[in-house]
Amino acid sequence: MRRLLQKVLDKSQKAPTQDAPGSTASEITPQVMDGVGTGSEAVDNTQAVGTNPIKISSVQRLGFQNASNSCSHRDLGFTGKIAGKWYAVFGDTLWCAPGVKDPAQDLPGFHGMVRDSVSLLTNDPLTVVDLNLNNDSPVKHQLQFVPFNPAWGETNMYGFGGTSLCETDARSGTGAVYYLVNANDAGLIGAGVAKVVVKSGTPTVTQRYDGTKGHWWDAKTTARYGDVAAYRDERSEYIYLLGHPPSTITGWLAASYVYMARVRATDAFDLTKYQYWWGRQQGWKTKVLNVFTPETAVMWGTGQGQISWNAYYGCYVFVHLAIGGGTVHLRTAPAPAGPWSGDVQVYTAAPIDGGLVYAGVAHPYLDASGKTLVVSFTNNNHIEVIKVAFTK
């Protein structure tokens, strides 16, 4: 369907270029076009390239993931490592009723919530240890991970959709978390980054950037970097960020493209050090991307997901549930910026009470060989978990 709405894919490959520093994120004006390229041909860098090597031996549904020391319903659950330990960052975390220890036994009604939370992952993908807990009795509940700041006009109703923790310095136990600021009625405001330091075993947000409004990338003018995925590539120096186009770009087709930025992990808290992907024909530039087309995008129609390196196949794997959700997909690439292959469908979930199924999450730490991959996803505020076994 999408191919019918666009011009012919131009497969020409040119050497990437590096621009001198350009305009800042707040100064750019977004542009969306049918396609750009040489002559009359349009370039679509989101079309599948190559052969996906993934072959499925078996898929096992493991069950639902819950905390061993708290009780809540939650969504998202992106995984990330800091100083050798893996953590999950969840989105909306709905507390269960006071005293309830099993989410399946929760009572009707609203019992309190936070807009995001953090947990320690374990060797059992069905069990996490909730961190940053309050003093509720007899069951403690999670406090908010990315704090709201009244000085920036934020309230406890603001949403902060965080992605994976990305290690910046293992020795000091420091990492970055990327998040999307949602002002509810006012809509999406922007995407930002916060410094995270592991204190007494708990990842703690110690500073949010920028200090005047709480985010770096304005949602009206800039891609929402990090709202699809954030990935600390252990095979390079970089953190890679995937995000949808500015909120001013509307329509199902145009709004479903995904754009990419990167930064050396050691420079994650310096906005001037970020680079932006302008497509395979132009490569990485320090100029902030302001042309949102199939040429400058890396993917289309994936929804939120997660990248990991797979040693078994020797490539990067992106886990996602596509538009509409429900089915887990895996696609592959030789590098985080692609080109990405077509998808292999892995598993289709039955929506709980007709709810949404979304946000694919990889748990690569459970099998370093890459012969299996545990995947979790949100099924109507339940974290459902499967285990995929591969073959060649």
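The values are calculated or read from the model by the stated rules, or taken from the named source; none is laboratory data. Computed from a prediction, not measured in an experiment: that's the story for all the values here. As a convention, Cβ positions derive from the backbone with ideal geometry for all residues, glycine included, and neighbour counts pool all protein chains shown.
Would you tally the residues in segment 320-346 being hydroxyl-bearing (Ser, Thr, Tyr) and either outside any strand (DSSP E or B) or touching a residue at least 60 places away in the same chain (Cβ under 8 Å) (or both)?
Residues in segment 320-346 being hydroxyl-bearing (Ser, Thr, Tyr) and either outside any strand (DSSP E or B) or touching a residue at least 60 places away in the same chain (Cβ under 8 Å) (or both): 2 in total.
Out of the residues in segment 107-163 that are of a type in the set (Phe, Trp, Tyr) and not in a strand (DSSP E or B), state the one that is farthest from THR206 (Cα to Cα).
So the residue we want is PHE110.
Out of the residues in segment 280-307 that are under 14 Å from the mean Cα position of the chain (by Cα) and polar (S, T, N, Q), state the one that is farthest from ASP233 (Cα to Cα).
THR302
Applying the selection to segment 210-239, what residues are more than 11 Å from VAL177 (Cα to Cα) and aromatic (Phe, Trp, Tyr)?
The answer is TRP216, TRP217, TYR225, TYR238.
Hey, could you check segment 276-329 for residues that are among the β-branched types (Val, Ile, Thr) and over 16 Å from MET260 (Cβ atoms) and say which is modelled with the lowest pLDDT?
So, considering only residues that are among the β-branched types (Val, Ile, Thr) and over 16 Å from MET260 (Cβ atoms), the one modelled with the lowest pLDDT is ILE323.
Return the residue satisfying two criteria in turn: it lies in segment 101-128 and is among the aliphatic types (A, V, I, L, M) and under 12 Å from ALA67 (Cα atoms), and of such residues it is surrounded by the fewest Cβ atoms within 10 Å (Cβ to Cβ).
LEU126
Select from segment 354-374 the residues that are touching a Pro at 6+ places or on another chain (Cβ under 9 Å) and of a type in the set (Val, Ile, Thr) and write down the one among them that is surrounded by the fewest Cβ atoms within 10 Å (Cβ to Cβ).
So, considering only residues that are touching a Pro at 6+ places or on another chain (Cβ under 9 Å) and of a type in the set (Val, Ile, Thr), the one surrounded by the fewest Cβ atoms within 10 Å (Cβ to Cβ) is VAL374.
Does segment 98-117 include one or more residues that are at pLDDT 95 or above, among the charged types (D, E, K, R) and in contact with a His (Cβ under 8 Å, 6 or more places away or on another chain)?
Yes.
With the condition kept exactly as written, say whether any residue in segment 300-316 is at positive phi, assigned to a loop (DSSP other than H, G, I, E, B) and without any contact (Cβ under 8 Å) to a residue 60 or more places away in the chain.
Within segment 300-316 (the criterion being at positive phi, assigned to a loop (DSSP other than H, G, I, E, B) and without any contact (Cβ under 8 Å) to a residue 60 or more places away in the chain), the answer is yes, since at least one residue qualifies.
Out of all the residues in segment 342-392, which are out of contact with any helix residue (DSSP H, G or I) (no Cβ under 9 Å at 6 or more places or on another chain) and on the phi > 0 side of the Ramachandran plot?
Passing the criteria: ASP353, GLY354, ALA359.
Mind checking which residues of segment 291-341 are of a type in the set (Val, Ile, Thr), within 29 Å of ILE352 (Cα to Cα) and surrounded by fewer than 21 Cβ atoms within 10 Å (Cβ to Cβ)?
ILE323, THR327
What are the residues in segment 260-275 that are of a type outside the set (Asp, Glu) and either part of a loop (DSSP other than H, G, I, E, B) or at pLDDT below 95 (or both), if any?
ALA268, PHE269, TYR274
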